[in-house]
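What follows is one structure encoded as structure tokens, with my remarks underneath.
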């Protein structure tokens, strides 16, 4: 998903001016921001559901038992990808000890994944096992394959798209917690403004 270059003006001085002015008057920009972020998430979730539907229509249907084994492999692979991406990030920040501890956890997960893959492989014909089984990332709607290697998974979970959607979802949750009451206040102020304008128009008509 490429949103292209942001058309908005990014200026720290203007932001400082807004934060200062916001002490005396509520401009409700955070409500606008919440609605903007919600549109991103709604679009992403729509793509996720659409991708799931396509997979259900095109991929070979698995029995409940085999599907559970496949999901176990997927879950372990996701844990590996996330921890590996985090370990690399910590290492890049100079936190070597923390990074090495995570890598030890990654090694344990790799052993569990290898065992889960063997169970999954033994539960179906070789021809079916070789087919790539996909599922959709619930965060960013990208496809993940059951045969994806650690590098591919780390690139996904540590990538800009996935991390970006995590930040958007977290920020959206924060805004939702604080905005609802202020949104009602905004509606009341707009209603008062409309009533005031209508009153001015009525007074003008009476005096003509």
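The values are calculated or read from the model by the stated rules, or taken from the named source; none is laboratory data. It should be emphasised that the depicted structure is a prediction, and the values quoted were computed from it without experimental measurement. Cβ atoms come from the backbone with ideal geometry, glycine included; neighbour counts cover every protein chain shown.
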Cβ-Cβ under 8 Å pairs, at least 6 apart or on other chains, the stretch 183-208 side surrounded by 10 or more Cβ atoms within 10 Å (Cβ to Cβ), far side modelled with pLDDT of 80 or more and assigned to a helix (DSSP H, G or I): 183/31; 186/31
Cross-chain or 6+ apart pairs with Cβ under 7 Å, the stretch 45-56 first and at pLDDT below 95, then surrounded by fewer than 12 Cβ atoms within 10 Å (Cβ to Cβ) and assigned to a helix (DSSP H, G or I): none
Residue, modelled with the lowest pLDDT, within the stretch 1-37, restricted to residues that are under 21 Å from residue 159 (Cα atoms) and surrounded by 10 or more Cβ atoms within 10 Å (Cβ to Cβ): 1
Residue among 31, 80 that is in contact (Cβ under 8 Å) with a residue 12 or more places away in the chain and more than 25 Å from residue 172 (Cα to Cα): 80
Residues of the stretch 120-144 satisfying the condition of being modelled with pLDDT under 90, out of contact with any strand residue (DSSP E or B) (no Cβ under 9 Å at 6 or more places or on another chain) and in a loop (DSSP other than H, G, I, E, B): 123, 124, 125, 131
Residue that is surrounded by the most Cβ atoms within 10 Å (Cβ to Cβ) [pool: residues in the stretch 145-154 that are in contact with a helix residue (DSSP H, G or I) (Cβ under 7 Å, 6 or more places away or on another chain) and not in a helix (DSSP H, G or I)]: 148
Among the residues listed as 92, 87, the single one being surrounded by fewer than 12 Cβ atoms within 10 Å (Cβ to Cβ) and without any contact (Cβ under 8 Å) to a residue 40 or more places away in the chain: 92
Residue 41 being closer than 24 Å to residue 177 by Cβ and surrounded by 13 or more Cβ atoms within 10 Å (Cβ to Cβ): yes
